[in-house]
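The structure appears below as structure tokens.
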Amino acid sequence: MKRLLTAFMTLLMSLSGYASTTLPLKGKFFPADDQHIQYIGRICFQNPKQPRFTFPGVQINARFTGTSLRMVAKPQSGYFMVQIDGSEAFKVAFRGERDSVATLATALGRGEHEVRVMYVIEGYELKPEFRGFVLDRDGQLLDPPVLPQRRIEFIGNSITCGYGNESIEMTDPFEYETENHYYTYAQLTTRNLEAMAHVVARSGIGVYRSYDGPKKGTPENVMTTEYEYTNLYDRSERWDFSRYQPQVVCINLGTNDLSTNNYDVKLLKQAYKRFLKQVRGHNPQAKIVYLCGSMLVGKELEIARKTLDEVVDEAHKDGDKEVYRFDFTPQTGDLYYGASWHPSVYQHQKMAGELTAYLRTLMEWW
């Protein structure tokens, strides 16, 4: 009895500060800094036992033995999609004030297993942290999965984040419950191409002014500013671009700049050109593709396409031949709308099909 109590207290000490509605835990705790845990995405490791992140698409992967798996995270971290052994992914929530432990799998067959966990919402308000896995008492973490050789970076706004894509009412407001980055064109394309991706995206963000900003722009609240940092609205760490060098960068910005009738096309073009140089400076070998998203229509769609065409043409004349353009088919509602008229999961599937075909040809990823 004393031995069991000692083991239990040891586990509680290792989880100090991780109060949970599911305690007491049974099993073996592997902290977030275990060398067998694999991370993909912009993540701050200033405290390696509590890595933090804010951008959607961050992944935490591992291979393990045992019949069960639990995940420990900061309470109210938000929503994750989890895939076990390649089966259909499911959503896991850390939303309650004391929800710090979630069961990801039980009653697995004995042997080796693989888990892939993806953060699927925007975390700049919730400030999520991952803290480790709990396995059976005789369970072990194994060498992590082999990373794909194909590397993509997606830079974007609410469309890339997956704003409201799980909603079925176009008049619904933004809610974390209906945002799911896992089902966006970005992640669907990544899986179609058997690649991996880093994502730098936030709802409402622009390249020269964010949603409904002043005509002169919002320089402290645009992607040209946020792209330099590991976490959104967090200036504590500049991103080290040597940690991830994509082969192709897809930029989907401009919808918010043009979304309200208070924009300056000249300033927009200048910002597109400036951001292109910024991205190129950090990714000298990558192909860069300027996308035109599916939400713009009419005059604003024409402006976006024309401006981007000019930016790419001028880049070619200046000697950068590895800059490209791609237009998604504008949404019409035939595939329904998500919240606030954003693309539905069905529209994202269509977008992914279009972009997958384009990138296969561009990158020769057959």
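A few remarks follow.
- A Cβ distance below 7 Å, combined with a sequence gap of six or more or placement on separate chains, defines the contacts here; from the stretch 322-334, residues that are more than 20 Å from GLU310 (Cα to Cα) reach residues that are in a strand (DSSP E or B) and open to solvent by less than 30 Å² (accessible area, probe 1.4 Å) in the pairs GLN331/PRO343.
- The residues of the stretch 242-260 that are open to solvent by 20 Å² or more (accessible area, probe 1.4 Å) and within 25 Å of GLN285 (Cα to Cα), listed by number, are SER242, ARG243, GLN245, GLN247.
- Among the criteria (1) more than 15 Å from THR160 (Cβ to Cβ); (2) in contact with a Lys or Arg (Cβ under 9 Å, 6 or more places away or on another chain); (3) not small (Gly, Ala, Ser), the one TYR272 does not fulfil is (2).
- From GLU112, GLU88, GLU122, GLU129, residue being over 21 Å from GLY27 (Cβ atoms), modelled with pLDDT of 95 or more, in contact with a Ser or Thr (Cβ under 7 Å, 6 or more places away or on another chain) and not basic (Lys, Arg): GLU122
- Failed condition for GLU364, given (1) surrounded by 15 or more Cβ atoms within 10 Å (Cβ to Cβ); (2) farther than 28 Å from LYS215 by Cα: (1)
- Restricting attention to the stretch 219-234 and to residues that are under 19 Å from VAL279 (Cα atoms) and out of contact with any helix residue (DSSP H, G or I) (no Cβ under 9 Å at 6 or more places or on another chain), the residue that is surrounded by the fewest Cβ atoms within 10 Å (Cβ to Cβ) turns out to be GLU220.
- Residue in the stretch 64-75 that is farther than 29 Å from GLY109 by Cα and touching a Gly at 6+ places or on another chain (Cβ under 8 Å) present: yes
- Residues that are polar (S, T, N, Q) and open to solvent by 20 Å² or more (accessible area, probe 1.4 Å) within the stretch 50-90 comprise GLN50, GLN59, THR65, THR67, SER68, GLN76, GLN83, SER87, listed in sequence order.
- Close pairs (8 angstrom Cβ cut-off, 6 or more residues apart or separate chains): farther than 23 Å from TYR119 by Cβ in the stretch 131-150, surrounded by fewer than 17 Cβ atoms within 10 Å (Cβ to Cβ) and modelled with pLDDT under 95 anywhere: ARG137/LYS26
- Entirely in the stretch 216-307, the strands (runs of 3 or more DSSP E) that have 3 or more residues that are in contact (Cβ under 8 Å) with a residue 60 or more places away in the chain: 234-238, 248-252, 287-292
The values are calculated or read from the model by the stated rules, or taken from the named source; none is laboratory data. Computed from a prediction, not measured in an experiment: that's the story for all the values here. Heads up, the Cβs are rebuilt from the backbone with ideal geometry, glycines too, and the neighbour counts pull from every protein chain shown. The accessibility values were calculated without ligands, DNA or RNA, using every heavy atom of the protein model including side chains. Shrake-Rupley method; radii C 1.70, N 1.55, O 1.52, S 1.80 Å.
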